[in-house]
Amino acid sequence: MNIILLGPPGAGKGTQAQRLVENHGMKQLSTGDMLRAAVKNETPTGLKVKAIMEAGELVSDEIVSALISDELAAMGDDVGAIFDGYPRTEAQAHSLDAILKQHGRSLDKVIELEVNEEALVDRITGRFTCARCGAGYHDRHKLPEKEGVCDVCGSTEFKRRPDDTEETVRTRMQEYRGKTAPILPIYEARGLVERVDGMASMDEVTASIEALLS
Ligand code: ADP
Ligand code: ZN
């Protein structure tokens with residue numbers, strides 16, 4: 001199976017992708033995670049994209065398609081791929097077709113997480129994670145039980161994404177509306193799009209996605 005999770009920033013693509021990895025042994029291909037790793041490691045790509053990401057704008061199609069192509073080349077043929085945050089433009093959608101073909105793969109489904117934009121701004125601007133174990137928290141909706149201490153691992157260090165500010169979130173939403181949402185019709189014409197209510201609880205969203213895959 002090769003599937004794309006599509007939806008605006010904060011829709012829960014990453015969370016759902018991780019659950020598919022756990023439940024099905026698929027591999028998550030998140031260009032956002034790959035780019036953040038490149039920035040952290042100060043690779044040539046990382047140095048090039050840092051400011052663009054902090055502004056909430058899209059990095060070049062060439063860069064992200066190359067990252068995806070490399071990851072797929074390193075994967076076993078029998079492992080399914082979950083594309084999370086890619087493709088984000090029409091050019092990337094076409095590149096993905098070519099890359100999949102090279103690897104003898106084809107797209108099975110495009111799952112769109114439907115969400116309300118204002119709720120997303122609220123979700124994103126309050127979120128933070130444990131710096132040690134990655135557990136997710138929220139200033140307004142899910143504080144650790146003991147202030148400043150991770151419920152899961154007891155760490156007292158937390159981190160926030162530098163692009164999770166309100167202004168940058170608005171830019172990320174605009175990029176989604178202007179460049180990413182327009183790729184849906186391409187997949188609709190191929191009969192691949194399934195819609196899931198991304199405003200439901202995380203478990204409900206997972207259940208809906210599982211139902212689509214079975
Ligand atoms: P989110 O979906 O929450 O905005 P991501 O982690 O998917 O976050 O992406 C973070 C940033 O990384 C984006 O705002 C953009 O700058 C860059 N990025 C990630 N994936 C792509 C992509 N496919 N094309 C262009 N830029 C990307
Ligand atoms: Zn923790």
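Which percent of the accessible area of the chain is formed by carbon and sulfur heavy atoms (probe 1.4 angstrom)? Walk me through the numbers on the way to the answer.
On the way: 5390 of 11070 Å².
Summing carbon and sulfur atoms, their accessible area is 49 percent of the total for the chain.
Give me Rg/Rg_expected for region 40-126, where Rg uses Cα atoms only and Rg_expected = 2.2 N^0.38 Å with N residues.
Working: Rg = 15.3 Å, N = 87, 2.2 N^0.38 = 12.0 Å.
Compared with the compact-globule rule of thumb, region 40-126 sits at 1.27.
About its Cα centre, how strong a charge dipole does the chain have in debye, to the nearest 20, once Lys and Arg get +1 and Asp and Glu get -1 at the Cβ?
Roughly 340 debye for the chain.
When only alpha-carbon atoms count, how far does region 162-214 stretch along each of its three principal axes, as whole angstroms with the largest first?
39, 30, 15
Please give, to one decimal in nm, the separation of the simple spin-label points placed at Glu188 and Asn41, each 7 Å out from Cα toward the Cβ.
3.9
Restricting everything to alpha-carbon atoms, can you work out Rg to Rh for region 23-73 with a Kirkwood hydrodynamic radius? Intermediate values should be presented prior to the final figure.
Details: Rg = 11.7 Å, Rh = 11.5 Å.
Over the Cα atoms of region 23-73, Rg/Rh equals 1.01.
Send over a whole-number figure in Å² for the accessible area per residue of region 70-202, probe 1.4 Å.
Counting only protein heavy atoms, the per-residue value for region 70-202 is 55 Å².
Which of Arg161, Arg177, Arg140 moves most in a GNM of the chain, Cα contacts under 10 Å?
Arg140
Which value at 222 nm does the chain reach when only helices count, each DSSP H run of 4 or more adding -39,500 (n - 2.57), with the total divided by all residues and rounded to the nearest 500 deg cm²/dmol?
Values: 9 runs with 98 residues, N = 214.
Counting only the DSSP helices, I get -14000 deg cm²/dmol.
Run the reach check for Lys101 against lysines, Cα to Cα strictly under 22 Å, same-chain hits fewer than 8 apart removed. What comes back?
Output for Lys101: Lys27, Lys109.
Rounded to the nearest 20 debye, what is the charge dipole size of region 97-214 about its Cα centre when +1 sits on each Lys and Arg Cβ and -1 on each Asp and Glu Cβ?
Working: 18 positive and 23 negative charges, 98 e Å.
Roughly 480 debye for region 97-214.
Using bins 10 angstrom wide from zero, how does P(r) for region 96-195 break down, in % of all Cα pairs?
13, 29, 26, 24, 8, 0
Expressed as a rounded percentage, what relative contact order does region 104-214 have, with Cα pairs under 8 Å and six or more residues apart?
Values: 105 pairs, mean separation 38.4, N = 111.
This gives 35 percent for region 104-214.
Output ³J(HN,Hα) for region 196-206: one whole-Hz value per residue in order, computed from phi by the Karplus curve 6.51 cos²θ - 1.76 cosθ + 1.60 with θ = phi - 60°, and x for Gly and Pro.
With the stated coefficients, region 196-206 comes to 10, 6, x, 8, 5, 5, 4, 5, 5, 5, 4 Hz.
Whole angstrom only: what separates the Cα centroid of region 77-129 from the Cα centroid of region 143-173?
Between the Cα centres of region 77-129 and region 143-173 lies a distance of 23 Å.
Percent of Cα-Cα pairs per 10 Å bin, from 0 to the last occupied bin, for region 93-149, please list those.
Binned Cα distances yield the sequence 18, 27, 20, 27, 9, 0.
To the nearest µm²/s, what D does Stokes-Einstein give for the chain at 10 °C and 1.306 mPa s, using the Kirkwood radius over alpha carbon pairs as Rh? Before the final figure, lay out the partial values.
Values: Rh = 18.0 Å.
Using the Kirkwood radius from Cα pairs, D works out to 88 µm²/s.
Restricting to Cα pairs below 8 Å that are 6+ residues apart, what does the relative contact order work out to for region 21-150? Please round to a whole percent. Intermediate results must be reported in sequence, preceding the final value.
Values: 93 pairs, mean separation 25.8, N = 130.
Rounded, it is 20 percent for region 21-150.
Obtain the radius of gyration and the Kirkwood radius of region 119-172 from its C-alpha atoms and give Rg over Rh. Write out the running numbers ahead of the final one.
Numbers: Rg = 11.6 Å, Rh = 11.5 Å.
Over the Cα atoms of region 119-172, Rg/Rh equals 1.01.
So, R0 is 25 Å and r is the distance between the beta-carbons of Glu62 and Asp108; what FRET efficiency does that work out to, to 0.05? Mind showing how you got there, number by number?
Values: r = 26 Å, r/R0 = 1.04.
Computed FRET efficiency for Glu62 and Asp108: 0.45.
The values are calculated or read from the model by the stated rules, or taken from the named source; none is laboratory data. Predicted model, so just to flag it, every value in this text is computed and none were measured. Note that we place each Cβ from the backbone using ideal geometry, even for glycine, and neighbour counts take in every protein chain shown. Calculation scope for accessible area: heavy atoms of the full protein, side chains included, ligands and nucleic acids excluded. Shrake-Rupley method; radii C 1.70, N 1.55, O 1.52, S 1.80 Å.
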